[in-house]
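Step one of this worksheet: look at the structure below.
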Amino acid sequence: MGGKVKVLVLAGNGINCEYETAHAFRLAGAEEVEIVFIYDLLEGSKSLDDYHILCFPGGFLDGDDLGAAKACANRFLHARVKRTGERLWDQVLRFIEEGKLILGICNGFQLLVKMGLVPAMGGRYGQQQATLTFNDSGRFEDRWVYLKVNPSSRCVFTHGLEKLYLPVRHGEGKFLVADHGVLGELFEGGFVVLQYADRDLNPTMQYPLNPNGSEGAVAGICDPSGRVFGLMPHPEAFHHFTNHPRWRRESLPEVGEGVEIFRRGVQFIKENVL
Amino acid sequence: MPHRIEVTFKEGIRDALAEKVKRGILEHLGLPVEEVRRVEVYVIDAPLTREQLEALAQGPYSDPILQRWSIDRPIASDFDWLIEVGFLPGVTDNVGRTAREALMARLDLQLRDDERVYSSTQYLIKGRLSREEAWRIATEYLGNPLIHRFVVLSRVEWDPEKGVGPTVPKVTGLKGGRVERFPLQQLDDEALMRLSQERLLALSLEEMKAIVAYLRRSEVREERLRIGIGEGITDVELEAIAQTWSEHCKHKIFKAEILYVDEETGAEERILSLFDTYIRRSTEEIRRRLGDRDRCLSVFEDYAGVWAFNDRWALTFKVETHNTPSALDPYGGALTGIVGVNRDPFGPGKGSKLIFNTDAFCFAPPDYDKPLPPRILHPRRILEGVREGVEHGGNKSGIPTVNGSIVFDERYLGKPLVYCGTCGIMPRQIQGEPSHLKRADPGDLVVMVGGRVGKDGIHGATFSSEELHEASPSSAVQIGDPITQKRMFDCLLIARDRGLYKSITDNGAGGLSSSVGEMARGPGGCEIWLDRVPLKYPGLDPWEVLLSESQERMTLAVAPEKVEEFLALCRKMEVEATVIGRFTSTGKFHCLWRGQTVAYLDMDFFHEGVPRMRLEARWRRPEHREPDFEPPDDLGEVLEGMLSRLNICSKEWVVRQYDHEVQGGSVVKPLCGLWDDGPQDAAVLRPLLESLEGVVVSHGICPRYGDIDTYWMTACALEEAIRNNVAAGGDPERMAALDNFCWPDPVPSEKNPDGPYKLAQLVRANKALYDFTTAFSVPCISGKDSMKNDYIGGGLKISIPPTVLFSVISKIDDVRQSMTMDAKAPGHLVYVLGTTYEELGGSEYFAMRGAVGNEVPKVRALLSRELFRRLHQAIREGLVASCHDCSDGGLGVALAETAFAGGLGMEVDLREVPREGVSRDDFLLFSESQGRFVVTVPPDRKGAFEGLMAGLPFAPVGRVVAEGRLLLVGLSGRVVVDRPISQLKEAWCRPLAF
């Protein structure tokens, strides 16, 4: 594969953040960033095997008509690649086994959860163990949130970060698990990566700091390896300081802090895979 | 036997949507209910095994953490009322479509075309309700009888064995394929008009006679006999002409010959086409004067204007209205409005990527509490429905909604105005050709792409060309499908860059008749094979196929040698595309149905045959009572009252629900300030992420001034749009505008006796458009008019006030030089730029006192333009910390908003404010004089700022302070306002905090 970090940013079928997500990966130092349509994967003209990082960007897959990302998760789990007859799902599992990275943002996170790629406790990839449902407000909202990074998480995308400030833009972002026991396991096992917090970084259930009523204030989780990561907030929406809602009031570095997530992903590939 | 899968939330899991419904029933209908639960229902009209149904129920149709399900057995229990809401046959069912796709993916099988999945929702309600109340909930809140079907069952009526039963809302019983012929030549005047009315053609007698004259032409007669269509006109032809000649498509009023009489001066003027005389001419003159600084690439040619962004990229911009459909079904109407206007900037030239949406709504107040006339929906419902429609249309399409406003006035009760705008960007060269040019040649194929055709929206164009009445047809109501459209756009952008098509046009009003008809003007003819058009359900007549306004469709011209590659790309990207005809050079608009000619019209007659209207306009200045009241004692209280006015208060509730950041280029958002809730004047965004160049977008709308004089209303709307734009950093020398006129019917008739006055208002608005676009050198690049915004019903006529919306874009080279409206730091100096006059006519302050007045604000363009230039330079040079425009509510509101958006206080001495003839504090605070800003400046920039503004009316009036109070010293030297900013802000936030 040579020495270049290759990123596949998925597009099509209602995905709509592919452009700025690809831009963020480029800012983060990825040499080859390709926007690939889901139809190319299904047809077989593109294969996940040729990339190091797979990113599911935000959007409204199938209009979220059966619940956020539900119909697309169904496709990824069951559809076959036309050219090879292989299940697309097998490509995904192979991708994970090979030590590569998957990032799901917003609708992409909903997709990861509903495909069972996160949290995948016990390595049970494909089993849905959590969900994301309607915000307690019953509304789609666009607002910026403070995020506390869990220092004990294994997530490679947030390694060394303490906090983030990013926008959420969703109507179905309330993180939920079957019971409290599972929530406990997620925290103990280091699956929880991000929590909605107040300005002093205390995780909070208070609206609108916690914009959707997520249990445990969970905003992002990873799989047991830390290499599959999903989050509701949009790191790609803060790639430049002028994205910050108060950039005219504050003095900020040129590159937005959302890029840190992508940079760590790219760095990981450079250090561990290439 | 169809199957029924029902899904509901598990016990103990919160269903926030059901809770929202419960709140909505109380807020909208005032009916308290104890509990609402929801059941999602999928009716599957295909033979599946139990095992297959279980796989679906467990898989894509339910969420294992949240939900439980049942198959062919009702899941409902424990309720007082069960209400099931599904779609009427033929209405777009997006969930049903996705459920069908998911079924095929999950079970790895291909369904037949008529094997469908239908969605509906059950609401299980607990509460003491009468049957009538339950039906009200069903029809006035949960659904709309125009598009929905309902089952309402009480606990007693419920049979848990039977349930609701799997009703399949399939379209059946249509025969289709019929062609009717009318011997027009033999009909007398009365019969001609009856035909026009019965078929909803909206053609006048003169127009009907023009058709008769055409048919009587000997060469026409001979040709018709030769080709076998016969002498009589077919319904296909008649409908196509009616649509092409409709007010909606032909803008007959804007093209009419008008005798304008000014009764004040006695002067008479003959105007041949308002559009040519004022709109097109102003743009031409501005372009000539700008010379090589002209950025217009294509104006008034296409469905959107094209304007240079830089040497490599062009912007396409269009604003449309979707008023009548939004009156009938606010959600569907607005959703179709936004996804419909998306196709306008996608269409010009070879197509562009869509980068932002705008919206402006005009509604009656949401707390309206008088009885509603027949068929009028409550304003609160319209507000919520339209808001949600635009939310779904914009958010699901991945286009940020960045700028907008809501105007409230009771006269919008009869017809709400829903302006939706979209801007796109395209490379200026595609495959070596200028992208804004397009051309279909004879021999090129006509390809329809996107959604399928049903009876939706038939007569939409003619329907919006008449007033709304009790018997208005419901076929004009549609549900948009943003995902089908997004898939289509994704695919077409790839096809565009590969040069797979030569021309593209939206299918909006008038459907294929309009899109193919327009495209055929270049090559000089077309042949449409109507029977090949893919249908949503069988049984349409040929004229319906031609006229249907089913959404999410574009028409393309594809060269024969590219068609295979194009169709293969569409197939791969799951976009339906069908060859439905070809372009010719025969000079004929020719339609066939299974080989038989069903329409054969000369292109010239089809497009140019409509007779020019002749109208009279009479202007007499209205006289309003001048309000007479003492200056109020407590101006602080008055200021709070002003901040709570619906036209001034915070619209955060709406703005937050729109994604205003997708695509990553957001620079100045619609909300700003310390707590991200200040009312920003304009939005700034960066369409190309690798560049710092930006677009600034703003708008102006002020219908109240039109009660005095639409001339100044129009002038003020344009200036407001420019001023807002400049306030956010926009460059006044690099701007382009769109004009959108919404008018009450200005054509005199028995039911419209004051038509000549309304037409005079229209003339005056156009005169202002000419005078001030040229004065500011801001060309209109596109626009739209909607001329029949009246309601007649229950013995009542409600007309909207004449309303003009200007939308303005400008180009800036570096977005880091853009500006926000919030005060930034204590110690900064507060300046007022521009002169305040006693101009309270049509102001919000007078409206609060139930008056209109007569002194409407004037635009002093020379001065304003110079002020805009210098202010822009000051912003670019970093001399300004905040800049806020003074509009509704004047200086008082602008000062308060600047302070509380920054979370800071302000001390201002009103004696310092530049003014002429203003002697009262309340008038100084609330006059709505144009050309004014509130600006804050860091103390170390004072000298440079004042030097730059020298010679213009401006003054330092106070400073920003840390303590959160707004302190205003009045003209007498005593404190007239002293209020905590938190209290002012609370007053401003409260009214629409739904």
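The values are calculated or read from the model by the stated rules, or taken from the named source; none is laboratory data. Small disclaimer: the values here were computed from a predicted structure and weren't measured. Note: ideal-geometry Cβ built from the backbone for every residue, glycine included; neighbour counts use all protein chains shown.
Inside region B:942-979, can you point out the residues that are in contact with a Pro (Cβ under 6 Å, 6 or more places away or on another chain), aliphatic (A, V, I, L, M) and part of a loop (DSSP other than H, G, I, E, B)? Answer for region B:942-979, where residues must be in contact with a Pro (Cβ under 6 Å, 6 or more places away or on another chain), aliphatic (A, V, I, L, M) and part of a loop (DSSP other than H, G, I, E, B): just B:A962. B:R411 meets all of the listed conditions (1) crowded, with 24+ Cβ neighbours inside 10 Å; (2) more than 14 Å from every other protein chain (Cβ to nearest Cβ); (3) modelled with pLDDT of 90 or more but one, namely (1). Of all residue pairs spaced 6 or more apart or on separate chains, those with beta-carbon atoms under 9 Å, a first member in region B:812-834 that is at the interface with chain A (Cβ under 8 Å from one of its Cβ atoms) and at negative phi and a second member that is surrounded by fewer than 19 Cβ atoms within 10 Å (Cβ to Cβ) and not in a loop (DSSP other than H, G, I, E, B) are B:R816/A:F241. Between B:L82, B:L31, B:L48, B:L103, the distinction of being more than 30 Å from B:D369 (Cβ to Cβ) and in a loop (DSSP other than H, G, I, E, B) belongs to B:L48 only. Within region A:223-242, being under 20 Å from the mean Cα position of the chain (by Cα) and either surrounded by fewer than 22 Cβ atoms within 10 Å (Cβ to Cβ) or over 17 Å from A:K163 (Cβ atoms) (or both) holds for A:D223, A:P224, A:S225, A:G226, A:R227, A:V228, A:G230, A:E236, A:H239, A:H240.
Taken residue by residue, region A:231-243 has at least one member that is in a strand (DSSP E or B) and within 30 Å of B:S691 (Cα to Cα). Might you let me know whether region B:374-397 holds any residue that is in contact with a His (Cβ under 7 Å, 6 or more places away or on another chain), of a type in the set (D, E, K, R) and at pLDDT 90 or above? Taking every residue of region B:374-397 in turn, at least one turns out to be in contact with a His (Cβ under 7 Å, 6 or more places away or on another chain), of a type in the set (D, E, K, R) and at pLDDT 90 or above.
Scanning region B:978-989 for residues that are out of contact with any Ser or Thr (no Cβ under 6 Å at 6 or more places or on another chain) and under 17 Å from B:A901 (Cβ atoms) yields B:R979, B:P980, B:I981, B:S982, B:Q983, B:L984, B:K985, B:E986. Counted as qualifying within region A:5-107 are the helices (runs of 4 or more DSSP H) with 2 or more residues that are farther than 23 Å from A:E257 by Cα, namely A:38-43, A:70-78, A:88-97. Whether a residue is of a type in the set (S, T, Y), in contact (Cβ under 8 Å) with a residue 40 or more places away in the chain and within 19 Å of B:G24 (Cα to Cα) was assessed, and B:Y412 does not pass this test.
Listed here are the residues, each with its yes/no results for (1) in contact (Cβ under 8 Å) with a residue 24 or more places away in the chain; (2) farther than 28 Å from B:I75 by Cα.
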{"residue": "B:L124", "(1), (2)": "yes, no"}
{"residue": "B:P145", "(1), (2)": "no, no"}
{"residue": "B:P160", "(1), (2)": "yes, no"}
{"residue": "B:P166", "(1), (2)": "yes, no"}
{"residue": "B:G177", "(1), (2)": "yes, yes"}
{"residue": "B:D188", "(1), (2)": "no, yes"}
{"residue": "B:A191", "(1), (2)": "no, yes"}
{"residue": "B:Q197", "(1), (2)": "no, yes"}
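No other residue among B:F945, B:F900 is among the aromatic types (F, W, Y) and under 16 Å from B:L967 (Cβ atoms) apart from B:F900.
Set side by side, the residues B:F868, B:F846 differ, and just one is away from chain A (no Cβ under 14 Å), farther than 26 Å from B:D628 by Cα and not polar (S, T, N, Q), which is B:F868. Which condition from (1) closer than 26 Å to B:I479 by Cβ; (2) surrounded by fewer than 24 Cβ atoms within 10 Å (Cβ to Cβ); (3) of a type in the set (A, V, I, L, M, F, W, C) is the one that B:I425 breaks? Only one criterion is unmet by B:I425, namely (1). Yes or no: B:G678 touching an Asp or Glu at 6+ places or on another chain (Cβ under 8 Å) and at pLDDT 95 or above? So B:G678 passes the test. Of all residues in region B:73-87, one or more are hydrophobic (A, V, I, L, M, F, W, C), crowded, with 18+ Cβ neighbours inside 10 Å, within 30 Å of B:R553 (Cα to Cα) and within 32 Å of the chain's Cα centre (by Cα).
In region B:29-43, what residues are in contact with a helix residue (DSSP H, G or I) (Cβ under 7 Å, 6 or more places away or on another chain) and within 14 Å of chain A (Cβ to nearest Cβ)? Passing the criteria: B:V36, B:R37, B:R38, B:Y42.
Mind checking whether some residue in region B:816-831 is buried (at least 23 other Cβ atoms within 10 Å of the Cβ) and closer than 26 Å to B:L759 by Cα? Within region B:816-831, none of the residues are buried (at least 23 other Cβ atoms within 10 Å of the Cβ) and closer than 26 Å to B:L759 by Cα.
For region B:246-332, the strands (runs of 3 or more DSSP E) that sit wholly inside it and include 3 or more residues that are crowded, with 21+ Cβ neighbours inside 10 Å and not aliphatic (A, V, I, L, M) are B:313-321.
All conditions but one from (1) touching a strand residue (DSSP E or B) at 6+ places or on another chain (Cβ under 8 Å); (2) assigned to a loop (DSSP other than H, G, I, E, B); (3) within 14 Å of another protein chain (Cβ to nearest Cβ) apply to A:L176; the one that does not is (2).
Restrict the check to region A:152-159 and report whether at least one residue is part of a loop (DSSP other than H, G, I, E, B), among the charged types (D, E, K, R) and either under 17 Å from A:F229 (Cβ atoms) or at the interface with chain B (Cβ under 10 Å from one of its Cβ atoms) (or both). Yes: one or more hits.
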